[in-house]
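Below: one structure, written as structure tokens.
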Amino acid sequence: MPIRLLPPELVNQIAAGEVVERPASVVKELVENALDAGAARVSVELEAGGADLIRVSDDGGGIAPDELLLAVTAHATSKIASFHDLEAVASYGFRGEALASIGSVAQLRITSRRAGDAHAHAIEVDGGLVSGPRPAAGAPGTVVEVRTLFRNVPARRKFLRSQAAETGRVHDAIDAIALGAPGIGFRLASDGRTIVDLPPQDERTRCVHVLGAGLAPELLDLSFELESPELHGPIRIGGVVGTPAAAKASARNQWLLINGRSIEDRSLQHAVREAFRGLMDPSVHPVFALFVELDPRAVDMNVHPAKTEVRLRFPSLVHRAVRRAVAQALECRGLVVTERLPAAEHPEPTLPLPLGVAERTIVHADGGIAWTPPMADAALEPAREPAAAVSPAGRAASLRAVDASAPVRFMQVDHAWIVVEEGDGLTVIDQHALHERVMFEDLKARIERAPLERQRLLVPELVDCGAGAIERIEALAQILDRLGFECTPSGARTIAVHSMPSFLVERGVGAQEFLVSIAASDLRADDPRAAEAALSEVLDLMACKAAVKAGDRLTNTEIAALLARRATIDRPDRCPHGRPTAFRLTTAELERRFGRSVSPR
């Protein structure tokens with residue numbers, strides 16, 4: 001088949017496939033053009049979710065009549081003129097493809113007037129055919145109308161979702177742009193009904209509006225600055241981040257902006273999650289709106305046609321800065337995140353159970369066992385208020401509070417939960433979560449002293465970790481070696497495991513399930529802080545895999561030993577992933593739940 005040049009109309013339609021995915025992407029391009037034109041107020045009107053009509057009006061500087069034809073020509077732009085400009089893009093748009101691409105798949109009309117002109121001028125594009133410009137009526141600024149999107153590409157129009165879904169995507173696009181431009185007013189209307197009407201606001205007020213007014217008390221302000229010669233200047237991080245109490249089941253309320261542009265970046269999302277390590281359940285997602293500002297030369301915007309992704313010149317520096325900014329905000333609220341693995345002179349032995357028993361009476365239906373908690377913990381008074389009113393700090397203290405002189409009664413329920421009579425109520429413990437926390441603390445203490453003991457396998461175990469696994473495992477080679485793993489590549493997807501940590505072998509944990517989980521993670525070790533976080537993550541995984549599971553029947557000795565260790569470890573109220581290990585019901589709460597009069601305490 002001979003090579004031939006494509007006609008301009010087809011080139012524009014191919015470009016439209018990259019830039020114009022749905023009505024929301026059209027709105028994004030047009031609103032960003034309005035902001036680049038200096039608009040102080042932008043209005044967006046939709047019909048049928050944008051499939052029938054998108055009208056974007058602004059009060060910006062307008063377009064000169066003799067430039068309207070250039071505006072709808074491919075690769076014509078006012079934003080850049082040289083490669084130097086491309087290296088330091090400071091505007092929203094710069095490719096010069098949007099209007100030409102939109103005009104190739106819809107009816108496009110642009111009406112624009114500069115402040116000093118006697119009247120406006122209009123130009124129309126229908127399926128790539130241009131007419132105008134011609135005089136028209138219009139106020140200073142620009143109005144862009146896009147009708148019957150994908151009218152000449154019916155196959156793509158069929159891929160549009162329902163009107164409500166497409167309107168929702170446009171709403172999200174407006175929110176993303178509005179976050180980066182709090183000083184600009186925005187209005188969105190759908191079929192005559194106003195959905196968004198934002199006046200110019202300060203940064204925090206705009207964040208609260210987008211994230212939800214109900215979250216306002218849980219939103220922590222970010223203010224962080226880091227000098228970095230590599231980035232040609234400082235990196236500044238602002239915005240807000242929600243406390244663990246504001247976490248959501250989905251990642252929808254996560255907004256990341258670099259130099260005012262909303263982007264998607266898994267690495268920086270990972271940095272935020274790292275700051276929350278151990279503070280919340282990993283099945284939920286933190287809420288945040290982060291504004292990262294750095295020199296335009298330190299970020300490459302010319303990566304994705306729709307400009308939703310960027311390439312950072314020094315990603316590890318920005319990753320560290322984001323993580324530290326969020327951790328700093330959490331610490332100011334008293335939510336402390338331990339960033340280094342502490343040293344320990346005399347670490348407790350790692351499980352398997354039992355963990356050691358001494359002198360304290362624990363009464364069970366079929367026997368008694370003795371153990372002794374530390375005196376400092378024994379002196380703590382158990383919480384007296386109802387469980388619902390206990391603060392996280394108070395709950396942690398109450399979980400460790402045990403009267404050294406009174407017997408403790410316990411039972412295992414459904415081979416998963418340990419119910420303990422403590423003070424003036426009951427504590428229900430998740431045996432897996434608590435055991436996982438105990439093992440994690442043991443491993444932290446041991447790894448600070450020396451590498452973990454390893455057991456050589458008689459025959460190497462071959463583990464298929466999937467595509468790209470070799471690079472990810474090799475990047476963590478030093479960490480895995482310190483933890484007792486000896487691994488070598490054996491093919492494009494396969495890892496040969498020659499040795500494993502002795503305690504994992506003793507607990508019956510195989511190399512397959514462990515390494516597949518490691519290979520599927522986003523762990524990095526390209527700088528000291530990332531390596532520290534990766535080590536902690538791998539220790540989390542080891543503790544989780546080796547801990548007792550729901551369904552494991554524990555002996556009285558094992559339960560007593562687990563309860564003894566609960567009183568000696570840090571943060572016994574949370575597993576390493578952030579899930580709660582227990583909850584407490586006071587006698588007063590039980591009386592209320594059963595409708596009994598509350599006896600005086």
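Below is a table of values for the structure above.
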{"read-out": "Of all accessible heavy-atom area on segment 197-241, the percent that carbon and sulfur account for (1.4 Å)", "value": "53 percent"}
{"read-out": "Added length on full extension, which subtracts the Cα-Cα distance from 0.36 nm per residue, Ala245 to Ser316", "value": "22.7 nm"}
{"read-out": "Per-pair calculated FRET efficiency, R0 = 30 Å: Asp281 and Arg553 via Cβ, rounded to 0.05", "value": "0.70"}
{"read-out": "Environment charge at Thr73 (Cβ cut-off 12 Å; Lys +1, Arg +1, Asp -1, Glu -1)", "value": "-2"}
{"read-out": "Kirkwood Rh and Cα Rg combined as Rg over Rh, evaluated for segment 174-263", "value": "1.02"}
{"read-out": "Simple spin-label estimate for Leu226 and Arg193 in nanometres, 7 Å along Cα-Cβ", "value": "4.5 nm"}
{"read-out": "Simple label model, 7 Å out from Cα along Cβ direction - Ser521 to Glu471, nm", "value": "1.9 nm"}
{"read-out": "Stokes-Einstein D for segment 483-576, Kirkwood Rh over Cα pairs, 4 °C, 1.567 mPa s (µm²/s)", "value": "83 µm²/s"}
{"read-out": "Spin-label model distance (nm) - Arg273 vs Val419, 7 Å beyond Cα toward Cβ", "value": "3.6 nm"}
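The values are calculated or read from the model by the stated rules, or taken from the named source; none is laboratory data. Remember, predicted model here, so these are calculated numbers, not experimental data. FYI the Cβ positions are ideal-geometry reconstructions off the backbone, even for glycines, and counts take in every protein chain you see. Surface areas here come from the heavy atoms of the whole protein model, side chains and all, with no ligands, DNA or RNA. Shrake-Rupley method; radii C 1.70, N 1.55, O 1.52, S 1.80 Å.
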